[in-house]
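Report on the following structure.
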Amino acid sequence: VSVTLVILTNGSTRLWQDQPAFLSPGLDSNLSVSEPVAAQKPLVSHASSRIPAPLAAPAPLAVQDPLVYTLSSKSGAPKGKCLDDLYARPGPIVRSKTDGKELEISFLNRPDLIPPNFRTKSLCRDKNNWRSDGIGRPITLPTARLIARAVEVGHPHNGILDLDRPAPERVCAQPVPRIIHFVWLCKPIPSKVALRVASFARLNPNWKIMVLVDKPVKFTEQMIFHNVSDRPAGPIIIHTLASHAHDFRNMDIIRWIRNLSWDPRHGHVCAGMSDVARLETVYKYGGIYMDSDFIPHRAFDDYGDLFRWPFISHKVCAVNIINSIMGFDANSGYLNFSLEAYRQNCLIYHNCMPEGGAGPAFMAMSMLKYNSSDVMFIGQQFFHDSKQELVSHLTENSWGR
């Protein structure tokens, strides 16, 4: 049986069977799956192989003063034309081509774009019960007020996210490339997830599909992917976490988080790794990231060029961002800022895991601090409710630990 499956590893293309077996964060491609993470000189020390010693924090940055901390030399500046030069800014209500299903769009700093006939009312004033609001409403408040609320509810705001620090220099966004990303870590990708990925490939034939893994894909799942290879955008691309050892700036932190799985006191290890890996992946390639428990109802192209614009999903009057789906341009200025803010948040302030690391609260604060009017805010109800029929989220808690 000939399997047409593209694998990216260290810049080469070959079949999965030719690959070494990578350990989840795999910085050493010669390490076998059977070897423990401790063989890679873990950042967490253990008194013995069975009883871990108290966990050590990751090594601090060389520059620990947040007031003099600067962004990475990895530039977020776009090299082509700005998005505004290529595409008209989306209107506040965008309808699908097939049946006119509506999406509602907001931007930071643009309350002038909110029409009075929005189906979702803007109930975000202080007198409203905004803290418990479960949907995304049109953004009419100033960003400074949203940031104050984010601090009020406990979002991280140290270092370059501090309220007293000036806003980072923004660069204009470029079009989001037609790539859909999925991340599956810690165990081989199961058939049900492979089938969902394949369903997105079928429904979006002109979009590349990329899946980041750290375990070999088994034959059954290879064949599921192979069955959707004959499409304009080509076969599903599998790339390994280990192949990004030198281009994911936070790979050392991903490796450190992976080591925590050997300590029974720590849960959500896979979620912690994924929260960082998804940002790194979209920064490198651009495109749309989705959790593996989304299912499609209609193609992204059904909304024309809408999803060439960067977007996030939100609720609680823009104070909570849902990091299960997002879209950004390659080398995004926002993601460059966000990855550096996360690195500082982890290495200096020891907020590395989902609860205070790169999860929704962190993303909300970094997005508000970056304060770009090029990023669409779309209410989570349009992605998490099957009645809206773009995609729906099964919320399976796929990452478990």
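The values are calculated or read from the model by the stated rules, or taken from the named source; none is laboratory data. Here the structure is a predicted model, which is why all the values come from computation and not from measurement. Counting neighbours? That spans all protein chains shown, and the Cβs are built from the backbone with ideal geometry, glycine included. For the accessible areas, the whole protein counts, side chains as well, though only heavy atoms, and no ligand, DNA or RNA atoms are used. Shrake-Rupley method; radii C 1.70, N 1.55, O 1.52, S 1.80 Å.
Table for the structure above
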{"read-out": "When residues of segment 321-340 are limited to those that are part of a strand (DSSP E or B) and free of Cβ contacts under 8 Å to residues at least 60 places away in the same chain, the one nearest to Ala167 (Cα to Cα)", "value": "Ile321"}
{"read-out": "Those residues of segment 341-361 which are closer than 22 Å to Tyr285 by Cα and open to solvent by less than 10 Å² (accessible area, probe 1.4 Å), in sequence order", "value": "Ala341, Tyr342, Ala358, Gly359"}
{"read-out": "Selection from segment 128-146 of residues that are crowded, with 16+ Cβ neighbours inside 10 Å and either among the aliphatic types (A, V, I, L, M) or in contact with a His (Cβ under 6 Å, 6 or more places away or on another chain) (or both)", "value": "Ile135, Gly136, Ile139, Leu141, Leu146"}
{"read-out": "Residue check for Ser229: crowded, with 23+ Cβ neighbours inside 10 Å, in contact (Cβ under 8 Å) with a residue 24 or more places away in the chain and either assigned to a loop (DSSP other than H, G, I, E, B) or polar (S, T, N, Q) (or both)", "value": "no"}
{"read-out": "Residue, most open to solvent (accessible area, probe 1.4 Å), within segment 197-218, restricted to residues that are assigned to a loop (DSSP other than H, G, I, E, B) and closer than 24 Å to Arg298 by Cβ", "value": "Asn206"}
{"read-out": "Residue under evaluation Arg170, criteria (1) basic (Lys, Arg); (2) touching a residue at least 24 places away in the same chain (Cβ under 8 Å); (3) farther than 15 Å from Tyr334 by Cβ, criterion not met", "value": "(3)"}
{"read-out": "Qualifying residue in segment 179-196 (condition: surrounded by fewer than 17 Cβ atoms within 10 Å (Cβ to Cβ), polar (S, T, N, Q) and without any contact (Cβ under 8 Å) to a residue 60 or more places away in the chain)", "value": "yes"}
{"read-out": "Yes/no for Ser261 being at pLDDT below 95 and either in a helix (DSSP H, G or I) or of a type outside the set (Ser, Thr, Tyr) (or both)", "value": "yes"}
{"read-out": "Only one of Ser373, Ser292 that is outside any helix (DSSP H, G or I), touching a Phe, Trp or Tyr at 6+ places or on another chain (Cβ under 7 Å) and open to solvent by 10 Å² or more (accessible area, probe 1.4 Å)", "value": "Ser373"}
{"read-out": "Arg278 vs. criteria under 22 Å from Ala341 (Cβ atoms), modelled with pLDDT under 95 and either surrounded by fewer than 20 Cβ atoms within 10 Å (Cβ to Cβ) or of a type in the set (Lys, Arg) (or both)", "value": "no"}
{"read-out": "In segment 88-121, the residues that are among the hydrophobic types (A, V, I, L, M, F, W, C) and touching a Phe, Trp or Tyr at 6+ places or on another chain (Cβ under 8 Å)", "value": "Ile93, Val94, Leu103, Ile105, Phe107, Leu108, Leu113"}
{"read-out": "Any hit, segment 154-172, residues being at pLDDT 90 or above, assigned to a strand (DSSP E or B), under 18 Å from Val319 (Cβ atoms) and out of contact with any helix residue (DSSP H, G or I) (no Cβ under 6 Å at 6 or more places or on another chain)", "value": "no"}
{"read-out": "Single residue of segment 307-320 satisfying the filter (open to solvent by 10 Å² or more (accessible area, probe 1.4 Å) and not in a strand (DSSP E or B)) that is modelled with the lowest pLDDT", "value": "Val316"}
{"read-out": "Contacts under 6 angstrom Cβ, first residue in segment 287-305 being charged (D, E, K, R), partner open to solvent by less than 20 Å² (accessible area, probe 1.4 Å) and part of a strand (DSSP E or B), 6 or more apart", "value": "Asp291/Ser324"}
{"read-out": "So Gly272, is it small (Gly, Ala, Ser), open to solvent by 20 Å² or more (accessible area, probe 1.4 Å) and modelled with pLDDT under 95", "value": "no"}
